[in-house]
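The values are calculated or read from the model by the stated rules, or taken from the named source; none is laboratory data. What you are looking at is a predicted structure, and each value in this text was computed from that prediction instead of being measured. Neighbour counts are summed over all protein chains in view; Cβ atoms, including those assigned to glycine, are modelled from backbone coordinates with ideal geometry. Just so you know, the surface numbers come from the protein's heavy atoms only, side chains and all, with ligands and any DNA or RNA stripped out. Shrake-Rupley method; radii C 1.70, N 1.55, O 1.52, S 1.80 Å.
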Amino acid sequence: MNFYELIVIGGGAAGLMAAYAAATSARDDATRKIRVAVLEKMPRPGRKLMLTGKGRCNLTNVKNWEDFQIHVHPNPRPLRPAFYQLSPEKLLQLMAEEGLETVVERGDRAFPASHRAVDVVDTLQRMVCNRGVQIFCGKEVTGIQRLPADNESGIETAEPRFEMLCADGSRWRCRSLLIATGGLAYPMTGSSGDGLRWAKELGLSLKPTFPSLTALVPTGYKTAEINNEHIIERDTPLSELGQLFRGISLKNVGLTLYIDNTRVREEVGDLDFTDGGLEGPLGFRFSRQCVHAMRNGSHIRLEIDLKPGVSEDKLSREQKSLAELLPGDIARAFSATAPDRNNATAVPKGLTEMARLAYLLKHWSFPIAGYVGYERSVVTAGGVSTDEISPKTLNVKNIPGLYLAGELLDLDADTGGYNLQIAFCTGFLAGQSAVHSML
Ligand SMILES: Cc1cc2nc3c(=O)[nH]c(=O)nc-3n(C[C@H](O)[C@H](O)[C@H](O)COP(=O)(O)OP(=O)(O)OC[C@H]3O[C@@H](n4cnc5c(N)ncnc54)[C@H](O)[C@@H]3O)c2cc1C
């Protein structure tokens, strides 16, 4: 039987930062020895971190809280104390102290100056190990058990409160337990939802989970039929139509979302058609709302405005040909789809040819058949309800000694470094709190 005062399950962004914060707090107050261990099921920690930002790791976003919280869903308030405990500036300062230079790019997004995600993982691992934390890899926790209360007096003792069993048969006990096992997205990185299962077993309430920051698949884009959940896996072959679109990037276009034919949202940004479907920063921003609505049985339609800066009226008076208005690949895809699709919706009758073209350019319609599932979605929406935790400590309200951090919680965000900031700052606060409660 192995005993540590604090065990962190999961060596991802949240877990590594939690272990660092815990070990640092324990050292600051050396009155009692607090040993910290990380149990990670993969052969090495930070597997998902390595993939982040297309291998460049967009590790945070340096917006202030007011601007940051707009990008956090479904409710940013429980995140606030953690955000201030390790704000984006503090995170970057900490990284600099540990030898990792960073740069801030367009949209306040911070990256390692080397543009190598592996440097972030190495830095975190070094920070943790230098503080005496032991990281055990290949340790897949399969079950958690709460041990009977030893001490009714309320005085802190070193008695264990939790016991974990690993797939290799090893048993681990700890006084405080911090679960940072992530969500369900990209399960090949190790995040397969184990923490969500344990949370349920421990009696915590969960908000329904669904993939977010994922490709939306237009009707007819792939060869496969959709299932009830509207999941169309990324490797499903493209149809002829999909092949026509794949590789098209649209810069600064307007996107309008219709849910059951009601216009609900409109934004301008960049869209990419890929082998998955409709992606890019703008597509990702809309994906959370689209997936959620589809899972509730609603019909989704997106409308692209190829000329958001020009009014329909002005466009129709310009008397330009399609070749003058659009690059070749976009013009081809547009000609093949826009007239048909819009006949099925509502092109005003009696327009001149040019006015009709102007209308179609500003209302290119894409009914959405489904979305790419957890296998290749960036983040999990939903998770352990934030009502279950005290935001100032991230302690589970009714379970002394149990802390939660990272994507496991019902907190997710847009692309732009927000999700890693959530993981880092909740890990940091939970790690500190877990140790402070034992001092
Ligand atoms: C392709 C991709 C790119 C991304 N890019 C960015 C980006 O650039 N910027 C950004 O902000 N966010 C990005 N994200 C999102 C971000 O990576 C996650 O939100 C973040 O990693 C969540 O951190 P976490 O520590 O909660 O979970 P994870 O990083 O998923 O870590 C959980 C860890 O727990 C371990 N674990 C799980 N179950 C067990 C078990 N039973 N026993 C032991 N260990 C276990 C896992 O192996 C894993 O190492 C990206 C995500 C993906 C998939």
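Worth a mention:
- Based on C-alpha pairs under 8 angstrom that are at least 6 apart in sequence, the chain has a relative contact order of 25 percent.
- Largest GNM mean-square fluctuation among Glu229, Glu353, Glu375, using the chain with Cα springs under 10 Å: Glu353.
- Taking a point 7 Å out from the Cα of Ser437 in the direction of its Cβ, the residues of region 1-16 whose backbone N falls within less than 12 Å of it are 6-7.
- Region 216-371 - Kirkwood radius from inverse mean 1/r over Cα pairs (Å): 15.9
- Value of relative contact order over region 216-371, rounded to a whole percent, pairs C-alpha under 8 Å and six or more apart: 31
- Here r is the Cβ-Cβ distance between Ser335 and Glu159 and R0 is 56 Å; the resulting FRET efficiency, rounded to 0.05, is 0.15.
- Considering only alpha-carbon pairs that sit under 8 angstrom and 6 or more positions apart, the relative contact order computed for region 20-130 is 33 percent.
- Fully extending the segment from Val310 to Arg106, taken as 0.36 nm per residue of separation minus the present Cα-Cα distance, adds 70.9 nm.
- Rounded percent of accessible protein surface that carbon and sulfur make up, the chain, 1.4 Å probe: 49
- On Cα atoms only, tilt of 353-362 relative to the major axis of the chain in degrees: 0
- Point-to-point label distance, Asp122-Lys320, nm (Cα→Cβ direction, 7 Å offset): 4.8
- Positive-end extreme of charge dipole, the chain - chosen from Ser176, Asn252, Leu315 (charges on Cβ): Ser176
- Residues of region 313-336 with an amide N closer than 18 Å to a point placed 7 Å from the Cα of Thr352 along the Cα-to-Cβ direction: 313-325.
- Cross-link reach list, aspartates and glutamates versus Lys251, counting only Cα pairs under 16 Å and skipping chain neighbours closer than eight places: Glu266, Glu267, Asp270, Asp272, Glu279, Glu303, Asp305, Asp329
- Gained length - Cys129 relative to Ala167, 0.36 nm times residue gap less alpha-carbon distance: 11.3 nm
- Label point distance in nm, Ala96-Asp28, each placed 7 Å from Cα along Cα→Cβ: 2.0
- Folded to 0 to 90 degrees: helix 328-344 orientation relative to the chain principal axis, Cα: 80
- Listed residues Gly195, Tyr359, Asn296: farthest to the positive end of the dipole of the chain (Cβ charges): Gly195
- Label-to-label distance, nm, for residues given as Ala149 and Thr219 (7 Å Cα→Cβ offset): 5.9
- Residues Thr189 and Thr262, FRET efficiency given R0 of 51 Å [Cβ-Cβ distance, rounded to 0.05]: 0.85
- Per-residue extension of 0.36 nm, minus the Cα-Cα distance of Trp65 and Glu140, leaves a gain of 23.4 nm for this segment.
- Considering all different alpha carbon pairs of the chain, the Kirkwood hydrodynamic radius works out to 23.3 Å.
- Rounded accessible area of Trp198 (nearest 10 Å², 1.4 Å probe): 0
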